[in-house]
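Worksheet: the structure to be examined is printed underneath.
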Amino acid sequence: MGKLKQNCWIVCEDGLIGTENQCLGIAESMGFDTKIMRINLKQPWRSLTPYIGFENKNIFGVELSPPWPDLLITGGRKAVAASRFIKKASGGRTFSVHLLDPKISPDSFDLVIVPAHDDLRGNNVIVTVAAPNRIKPDKLNVPAQSFSELTRLSSPRTAVLIGGNSKTHILPPAVMGDIVDRISELPGSLMITDSRRTPAESKLVLREMLKNRKDCFIWDGKGENPYFAMLSLADFIVVTNDSASMISEACTTGKPVYMIQIEKRADKKAVRIDKLLTKLQDLKVLRIFDGTLEQWSYEPLDDAAYIANEIRKRMKVK
């Protein structure tokens, strides 16, 4: 009999889709069989994790039970509790990887992954350029017949990725109006997707101002998500500056990526995102959008593959 394929669990707090996708990008690069577990911690762990400890099987809102995974990838503060519980319950057999600063000693994990714009460092801390993600050639090789609305658009095609309100940024209707004014002058066609974080009023501004624009696709949130198809078909990508994940994904495509700014809140996390944006500009993979677009080339980011290789070394798997 052949050797059984190793398996992986991804555990994140329910609702943290961006963090979950970062973890999934690593797992897909590993090639392990992967299961996603979304947790909702009970009190007092919800408020006091990662500092409280004393985790048990009844605090997660879902059943975490054996057989335990070979590889565990967790992301975000609240998933620290699950990582410690599974590591102990597995008798230390499960190899634990935590994504983002856990706010406790990295020695609590086999490996911790942080981007360069975070300050955490240590012997078992892997530092990436940006955020790992799911962008790979196979993800961008989307059958044309699946998204005929996009393939019919004229060239050059510009993918516009719009974020929204968060702890670090806000996107009021007036700012959305300014964004639309600027992108509406671009030649060719527009392929636009907004976010669950985009305020409803700003979504209305976007659609109202572009309702008569020819060669314009705005995803309505229905049916199959065209996100990968948009990145695949795009000649250029314009992305708002509020999401490290979204910008990292764009810069993994190898396409020219332009950043368009929305309003920042006075939050220290905004400073960390600014550090990332500066780093990407220094690496010549990101430019500020000034109303014009031009082609250029760069070495695409591939942080997920880099992390996967580091995990393989430590797990001693091929």
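The values are calculated or read from the model by the stated rules, or taken from the named source; none is laboratory data. All values derive from a computational prediction rather than experimental measurement. Please note: Cβ atoms are built from the backbone with ideal geometry, for glycine as well, and neighbour counts cover all protein chains shown.
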**Study point:** Which numbered condition ASN123 misses (of (1) of a type in the set (S, T, N, Q); (2) crowded, with 19+ Cβ neighbours inside 10 Å; (3) not assigned by TED's automatic domain parsing to the domain that holds GLU185)
**Key:** (2)
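Please specify each residue of region 207-225 satisfying the condition of being farther than 21 Å from SER154 by Cα and either among the hydrophobic types (A, V, I, L, M, F, W, C) or part of a helix (DSSP H, G or I) (or both). First the steps, then the outcome.
Filtering region 207-225 for residues farther than 21 Å from SER154 by Cα gives 208, 221-224.
Within region 207-225, just GLU208 meets the criteria.
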Practice item. Using the structure shown, decide if ILE179 is buried (at least 18 other Cβ atoms within 10 Å of the Cβ), more than 17 Å from THR158 (Cβ to Cβ), over 16 Å from the mean Cα position of the chain (by Cα) and of a type outside the set (S, T, N, Q). Key: no
Exercise for review: Please identify the pairs in which a residue from region 240-269 that is closer than 20 Å to ASP178 by Cβ has its Cβ atom under 6 Å from the Cβ atom of a residue that is in a loop (DSSP other than H, G, I, E, B) and of a type in the set (Val, Ile, Thr), counting only partners at least 6 apart or on another chain.
Suggested key: THR240/ILE162; THR240/ILE262; ASP242/ILE262; ARG265/THR168
Practice item. Run down VAL285, VAL271 and say which single residue is part of a loop (DSSP other than H, G, I, E, B) and of a type in the set (A, V, I, L, M, F, W, C). Key: VAL285
**Study point:** region 221-258, residues that are at pLDDT 95 or above, in contact with a Phe, Trp or Tyr (Cβ under 6 Å, 6 or more places away or on another chain) and not aromatic (Phe, Trp, Tyr)
**Key:** VAL238, PRO256
Review point. Just one of ASP107, ASP138, ASP181, ASP119 is among the acidic types (Asp, Glu) and either touching a strand residue (DSSP E or B) at 6+ places or on another chain (Cβ under 8 Å) or closer than 24 Å to PHE228 by Cβ (or both); which is it?
Key: ASP138
Check your understanding: Considering only region 1-42, how many residues are among the acidic types (Asp, Glu), buried (at least 21 other Cβ atoms within 10 Å of the Cβ) and in contact with a Cys (Cβ under 8 Å, 6 or more places away or on another chain)?
Key -> 1
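Run down LYS211, LYS203 and say which single residue is farther than 22 Å from ASN165 by Cβ and without any contact (Cβ under 8 Å) to a residue 60 or more places away in the chain. Walk me through how you get there before you give the answer.
On the way: LYS203 fails: farther than 22 Å from ASN165 by Cβ.
Exactly one of LYS211, LYS203 is farther than 22 Å from ASN165 by Cβ and without any contact (Cβ under 8 Å) to a residue 60 or more places away in the chain, namely LYS211.
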Point to revise | Tally, over region 222-252, of residues that are surrounded by fewer than 23 Cβ atoms within 10 Å (Cβ to Cβ) and not small (Gly, Ala, Ser) | key: 11
Practice item. Output the strands (runs of 3 or more DSSP E) that fall wholly within region 33-135 and possess 3 or more residues being in contact (Cβ under 8 Å) with a residue 24 or more places away in the chain and closer than 27 Å to TYR306 by Cα, or say none. Key: 33-39, 71-75, 95-99, 111-115
Check your understanding: Can we say LEU48 is of a type in the set (A, V, I, L, M, F, W, C) and under 26 Å from SER195 (Cβ atoms)?
Key -> no
